[in-house]
Structure formats: structure tokens, C-alpha cells
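To start, the structure under review is shown below, and the notes come after it.
The values are calculated or read from the model by the stated rules, or taken from the named source; none is laboratory data. Worth saying up front: this structure is predicted, and the values here are computed from it rather than measured. Every residue, glycine as well, gets a Cβ built from its backbone with ideal geometry; the counts of neighbours run over all protein chains shown.
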Amino acid sequence: MKLKRFFEEYFLKKRYIFSVAERDVDFSDINHLPDNLKISFYNIPSASKENFKDLLKQIVPDVLLERYTSRYEQNKNWKLLIAYSGEKPVGCNWILEIPDNSFLFDSFVHNTDHILLGNFFVIQDFRGKGINKLMVKKALKYIYENHKDKIPVFIVEKSNTSSIKSSEGIGARIYGVNYLVKFLKRNIISIYFQNEKFEKAWVLHRYKQTIF
Ligand SMILES: CC(C)(COP(=O)(O)OP(=O)(O)OC[C@H]1O[C@@H](n2cnc3c(N)ncnc32)[C@H](O)[C@@H]1OP(=O)(O)O)[C@@H](O)C(=O)NCCC(=O)NCCS
């Protein structure tokens, strides 16, 4: 297992590209959330940056905090969903509107026909209760209502069993496979297969990631 992790971190990582059609999602449970659970969009511009950071700090680990906090300035492109158990924030996920074609995000080059869902996070004690599925469904509902022309896409590492299970539990299907070729831990080439056929490859240093 450790060897596999090492190989993935240093040489080659496999990821799945998930998407889901509206007709495959059962939205009934987001209209009847458990009593104590609330899932809502967070109005980023209405908060101060300090409050925004404090909120995220309650959910995500320190390694993610600065990256997510920098989205305060990029809030035109980001939407943030928060799950609360009572008053306590217990999970988050994000929607990223792709601003232009050939846009690099998370080592994958997207076109504007994509809309990204991602950075799913549920705090440890609240995992396995279906909270992520509910948050993703809520995000999908927003996308189907507001971005009918876009394909909702999320990228999950092959080794992330809980995220894969959660995604499949929503009705999402793998429609592509992405390999990241690495050198000294850095992703240098990204290769994309669809229906087991080579589709595209990108040398990553040629693209600049401007949104984090
Ligand atoms: C991935 C993550 C968001 C899932 O949140 P969650 O609220 O626990 O997800 P859900 O409860 O909706 O679904 C989890 C599913 O995985 C299953 N699961 C959880 N851990 C598992 C494991 N180690 N092995 C197999 N299945 C597992 C659960 O049983 C559940 O499946 P089920 O609905 O068929 O029972 C959460 O684990 C997390 O925050 N992980 C760390 C960050 C991360 O990896 N984010 C994903 C990036 S793509």
C-alpha cells in the first residue's frame, strides 16, 4: 500500500473524470434533509475575508486553508456550499465556472463546456453519513437550473474510495480517465482517455493556473 502511494506521488497518478446527467439523480432527499442538517450557499462577497477564513478553518485542514482563502478575491468564478450540523460547519464543496477555453485547473485543461465541482470535504466525525452526497446533489441542482448548457465534471483520484463511492451513490458515472505523469512529485504531463481511447495530452508547464 505504501509502495503504491509512493508510486502515485512520485511517478504516475490515475484519476477518474466523473459526470452525471440530471435524469440519473434522485433529488428527493435534498428536499427533506435530516432535522439538524442544513446545506446552503455561502455568500462570499458579503463576508469579510477574516470571517471567510474562519469559516473554512473550521472545516478544512491547514494545508488547504491558504489556497481556499485565496478564493475570496476570485469569488466571481467560485461558488461555495457549506453543510451545517446545527450551527456547526461540517462540510464544504465548490463550484468553479470555467472562465475561458484551454483553462488549466487541477492539472486538467478544461473548456467552457465544463463546469467543475470539487474540493469536497466533510470533517472526520461526520463522514459516512451521506453529507457529501447531499452537498453534491445540491450543487448539481444549482448547475442544472442555472447552467443548462454545461457538463458538470468532477475529478476523483482512483485511490479515493470514499469519494468514488459517494460520487457513484449520486448516480455519477466515470466518463474519462486521466493520468498525471510526475517528475519529483510535480505533475508534468496530463493525459486524458475517453471510452478507453486516447483523447488529449497536455504538457502542464505550458499552461498557467490562475485560479486556485
Ligand atoms: C470524500 C468525502 C468528502 C466523502 O464525504 P462523506 O460525507 O463521508 O461521503 P458520503 O457519506 O456521501 O459517502 C461516502 C461513501 O463512501 C463509503 N466509504 C467511506 N469510507 C470508505 C472506505 N474506507 N472504504 C470503502 N468505502 C468507504 C461510505 O460507506 C459511503 O458509501 P455508501 O453511501 O455506499 O455507504 C470525505 O471522506 C472527505 O472529506 N475526505 C477527505 C477529502 C477528500 O478526499 N475529498 C475528495 C476529493 S475528490
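Only one entry in LEU204, LEU184, LEU180 is more than 19 Å from the chain's Cα centre (by Cα) and at pLDDT 95 or above, namely LEU204. So in the stretch 167-182, with the set limited to residues that are in contact with a helix residue (DSSP H, G or I) (Cβ under 8 Å, 6 or more places away or on another chain) and closer than 24 Å to LEU12 by Cα, which one is farthest from the ligand (Cβ to nearest atom)? For the stretch 167-182, the residue satisfying everything is LYS182. Within the stretch 36-58, the set of residues being among the small types (Gly, Ala, Ser) and either part of a helix (DSSP H, G or I) or closer than 19 Å to PHE126 by Cβ (or both) comprises SER40, SER46. Taking the conditions (1) loosely packed, with under 14 Cβ neighbours inside 10 Å; (2) within 16 Å of the ligand (Cβ to nearest atom) in turn, ASN93 satisfies each one other than (1).
For the stretch 3-35, how many residues are part of a helix (DSSP H, G or I) and within 21 Å of TYR179 (Cβ to Cβ)?
Here is the first cut: in the stretch 3-35, the ones part of a helix (DSSP H, G or I) are 3-10, 22-24, 28-31.
Next, from what is left, pick out any that are within 21 Å of TYR179 (Cβ to Cβ): 3-10.
So the count comes out to 8.
So for the stretch 182-200 (the condition being under 21 Å from ASP26 (Cβ atoms) and out of contact with any Lys or Arg (no Cβ under 9 Å at 6 or more places or on another chain)), does at least one residue qualify? Within the stretch 182-200, not a single residue is under 21 Å from ASP26 (Cβ atoms) and out of contact with any Lys or Arg (no Cβ under 9 Å at 6 or more places or on another chain).
Among the residues of the stretch 115-159, those that are of a type in the set (A, V, I, L, M, F, W, C), in a helix (DSSP H, G or I) and within 12 Å of the ligand (Cβ to nearest atom) comprise PHE126, ILE131, LEU134, MET135, VAL136.
For SER85, the criteria (1) closer than 20 Å to PHE41 by Cβ; (2) buried (at least 21 other Cβ atoms within 10 Å of the Cβ) hold in every case but one, which is (2). From the set of residues in the stretch 127-164 that are in contact (Cβ under 8 Å) with a residue 40 or more places away in the chain and among the hydroxyl-bearing types (Ser, Thr, Tyr), which is surrounded by the fewest Cβ atoms within 10 Å (Cβ to Cβ)? Only one residue tops the list, namely SER159.
Go through the residues of the stretch 97-114 one by one and say whether even a single one is polar (S, T, N, Q), surrounded by fewer than 14 Cβ atoms within 10 Å (Cβ to Cβ) and farther than 30 Å from LYS13 by Cα. The answer is no, given that none of the residues of the stretch 97-114 is polar (S, T, N, Q), surrounded by fewer than 14 Cβ atoms within 10 Å (Cβ to Cβ) and farther than 30 Å from LYS13 by Cα.
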